[in-house]
Structures are given as structure tokens and as C-alpha cells.
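The values are calculated or read from the model by the stated rules, or taken from the named source; none is laboratory data. From a predicted model like this one, the values you see are computed outputs, not experimental measurements. Every residue, glycine as well, gets a Cβ built from its backbone with ideal geometry; the counts of neighbours run over all protein chains shown. We work out accessible area using only protein heavy atoms, side chains counted, and drop any ligands, DNA or RNA first. Shrake-Rupley method; radii C 1.70, N 1.55, O 1.52, S 1.80 Å.
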Amino acid sequence: MTDTDIPQPDQVDGAPHPRETTRLFGQDTAETSFLAAYNSGRLHHGWLLSGPKGLGKATLAWRIARFLLATPAPDADGLFGAPPPPETLDIATDHPVARRVLALSEPGLFLLRRSWDDKAKRLKTQLTVDEVRRLKGYFSLSSAEGGRRVVIVDAMDELNTSAANAILKLLEEPPARTTLLMVAHQPSRLLPTIRSRCRELRLAPLGPDDMARALGQAGAEVNPADAHALAALSSGSVGAAMRLLNHDGLRLYADIVSLLGTAPRLDRARAIALGESTAGKANEARLDLALTLIDTLMARLARTGVTGHAPAPEAAPNESAILSRLAPTPQSGRHWAELAQQAGDRARHARAVNVDPAALVLDLILQISRTD
């Protein structure tokens, strides 16, 4: 397998790599916070870019990296003289730094991510201490132009214990003029000592308009009428929305909602057909998506019962009416929340013991329909 054939662990299927993405939508607050720190002349050495997967954390990390490596640093008092303090992280695509970053040939940048396991012929499941130790050799080299260096860690959630401790040591004794940009999907699971040594930039879920623009930039063709449903089902995550588009997730969710709408006299033929559509190795992605969407549906049922109205906007035809019928009271909402936890536990156990996917999906649908 050649280098070009090796999958990149930090790239969503069907979307450009984050370093190829020039614009970031819906995250103005995070960008403004970083620029304010930069313009103060007192830039922190460790930054935790946090939030659920797919919000643009890696894209922001690459934008900051290009910016830091291509922009003159302010003095300690935040005074520039000329030119004026930057108001955006944008760097022209034809800038030498931008071209080198795109080609992964920028000497001032180090990318730390899971590597390829030649023996197992797959990406490693964890980011190991051996990968982190490569930083020691990198820092022993002469610094790049201007002496600034940037390290991107994508993602902190994938560090094993030894690797996490190695990163902690680096945060405790940071090399001069080095900035660490650390992507974290679940920062609460990181070592408290790591979190305490970082400044956090928390990214927000995208609304429908920003979602549509972000998906368009990624090359996805989105019907404007679907933008609200995509934003709702993906919880504002572009990565999750791309997954929905790649596997016809909107139609799959509509099928699940419609099927549940036949309860209590569940259309068993349709339920069996839905389960069978997830069977086989070729349908593993569809199975994962179906389980995610079933979990999403139960969460929306719980919210309907607790709040007294179905979540807006509708993510499928007649969804509001079906949710309101199945979750008419706060008590029923709490019941759906408990059922979601139980169903999730059963699904994880079933996957662990290799239960037939068709049987797993059918079992979940039957379990849900019996609660009507």
C-alpha cells in the first residue's frame, strides 16, 4: 500500500481534509477569542479546541496554524506599528506557508495523529507514546522562519495513558515559541492536569444556514429544504451531516419514523425489511447509522414528552404528530429517556457478541413499538 492509499484518521469520508478547507462557518466566537489573545501579545502555549465531532475543530486548528506561521508576532504590549493588528485568521491560499501546509511540507508544523499499522494493515486504534516521542526529535531541529512552531494533535481523545502523560510533560515544560493546538471531542475525559494547562476554545453546533454553507464548501449537494433536517439530526455537526448524506440518512430516518408511526400495530414486514437492509459487511455503515438514528429518535421522543411539544424543525414527514402521539406526557418522556439508555446498552452488547445486524435492528424496533 502506497502513502496515497493510506486512509487519513482525521478526515471525514467524502469531505476534503481539514487542511484543505479554507473557510470555517459558524465559529466566529472561537476565532475572535483566539485573535484577541494573539493581539494581546501574550499568547498561551496550549489550546484545547473542544466540542462534539464534526463542528470544525480540526479546520480551526489548521486555520490557526497557517495564521501563526504566516503572521508576524505582536510585541508584548500588543503594539504592531505596521501593519495593524489582524482582524481575521484568513491567509491567502497562494501564501508560501499556505502552500507548504497544504503539502504537509511546512517545517514549522508538526502533525500528531494516529499512524498506520503495517502489520495489521489498518490505522492504529490509539495515538501512542511512540508518536508523541517523535516530537522530541522535531524540537531538537532548528526552528523555522521566525522561530515559531505549531503542533496539531488530532485527537486528544485517542491518546493512550502513556501518550497523554507525555503530552502533559510537554505542556508543563513547553518549548519556546511553540503553540500546541489540541483537538478534543470529549475534554471532560482528559486528564484534569492537561485541561488546567490549556486555554479552551469551545465550538458551537451549526445552524441550518451555516450547515448548508459548510456542506457546500465540502462539495456536497444539499437541497435547501433538507438543511434544517440535517442540522437537527446531526446536532449541528458537519461531519455527522456528511455521514447522513453519504448513506441516505434522511430517508433512513424518515423510514424509521414512519415505521414507528404504525405502532401499536407495527408493520412487521417493513420492520423486517429495514433490519435486513443493514445486514452484511457491505452495510456496516448503514447499520451504524441506523442505530444512531434510532437513538436520536428516542431522544427526540423524550424531549417531546418532557417539554410538551415536538422538537422543531421536523426531521421527517409527520414526525411531530407521531412524536406527540407516542410521548404525550412528561412521564412518557422520562420513560423514553430510560428506554433509550436500555436500548443503547442492548445494542452495544449485541454488537460486542456479533448478533446478526438484521435481528439487532428488528429487536430494537419491536422493543420501541411495544412501549406505545
| task | Six or more apart or on different chains, Cβ under 8 Å: which pairs go from a residue in the range 171-191 that's under 23 Å from P18 (Cα atoms) to one that's open to solvent by 80 Å² or more (accessible area, probe 1.4 Å) and part of a loop (DSSP other than H, G, I, E, B)? Could you list them? | result | H185/K53
| All but one of (1) of a type outside the set (D, E, K, R); (2) over 28 Å from A225 (Cβ atoms); (3) open to solvent by 10 Å² or more (accessible area, probe 1.4 Å) hold for A343; which doesn't? | (3)
| Between a first residue in the range 318-343 that is farther than 14 Å from I368 by Cβ and in a helix (DSSP H, G or I) and a second residue that is open to solvent by less than 50 Å² (accessible area, probe 1.4 Å) and not β-branched (V, I, T), which pairs have beta carbons less than 6 Å apart while being 6 or more apart in sequence or on different chains? | S320/A310; S324/A310; P330/G305; G333/A302; G333/G305; G333/A327
| Residues being on the phi > 0 side of the Ramachandran plot and without any contact (Cβ under 8 Å) to a residue 60 or more places away in the chain - total across the range 9-44 | 1
| Filtering the range 170-223 down to residues that are open to solvent by 70 Å² or more (accessible area, probe 1.4 Å) and of a type in the set (S, T, Y), which residue is nearest to the chain's Cα centre (by Cα)? | S188
| said: Step by step: first the residues of the range 224-251, then only those that are under 17 Å from the mean Cα position of the chain (by Cα) and at positive phi, then the one that is least open to solvent (accessible area, probe 1.4 Å). Which residue is that? | reply: G236
| request: Search the range 277-303 for residues that are of a type in the set (K, R) and pair each with any residue that is open to solvent by 30 Å² or more (accessible area, probe 1.4 Å) when their beta-carbon atoms are under 8 Å apart and the residues are at least 6 apart or on different chains. | output: R286/H247; R286/S277
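Could you check, for the range 242-258, whether at least one of its residues is under 23 Å from L291 (Cβ atoms), of a type outside the set (D, E, K, R) and assigned to a loop (DSSP other than H, G, I, E, B)? Please lay out each step first, then the result.
Initial filter on the range 242-258 (under 23 Å from L291 (Cβ atoms)): 242-258.
Next, only the ones that are of a type outside the set (D, E, K, R) stay: 242, 244-247, 249-250, 252-254, 256-258.
Within this subset, residues satisfying the condition of being assigned to a loop (DSSP other than H, G, I, E, B) are 247.
Yes; the residues of the range 242-258 include at least one that is under 23 Å from L291 (Cβ atoms), of a type outside the set (D, E, K, R) and assigned to a loop (DSSP other than H, G, I, E, B).
Looking only at the range 268-280, which residues are crowded, with 17+ Cβ neighbours inside 10 Å and in a loop (DSSP other than H, G, I, E, B)? Step through it out loud before you land on a result.
Looking only at the range 268-280, we keep the residues that are crowded, with 17+ Cβ neighbours inside 10 Å, and these are 271, 274-275, 277-279.
Matches in the range 268-280: S277, T278, A279.
Of the residues that make up the range 23-35, is at least one in contact with a His (Cβ under 9 Å, 6 or more places away or on another chain), over 13 Å from L201 (Cβ atoms), modelled with pLDDT under 95 and open to solvent by 50 Å² or more (accessible area, probe 1.4 Å)?
Initially, the range 23-35 is screened for residues in contact with a His (Cβ under 9 Å, 6 or more places away or on another chain), giving none.
So far as the range 23-35 goes, no, none of its residues is in contact with a His (Cβ under 9 Å, 6 or more places away or on another chain), over 13 Å from L201 (Cβ atoms), modelled with pLDDT under 95 and open to solvent by 50 Å² or more (accessible area, probe 1.4 Å).
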| said: What's the total number of residues in the range 105-125 that are open to solvent by 50 Å² or more (accessible area, probe 1.4 Å) and more than 15 Å from D157 (Cα to Cα)? | reply: 6
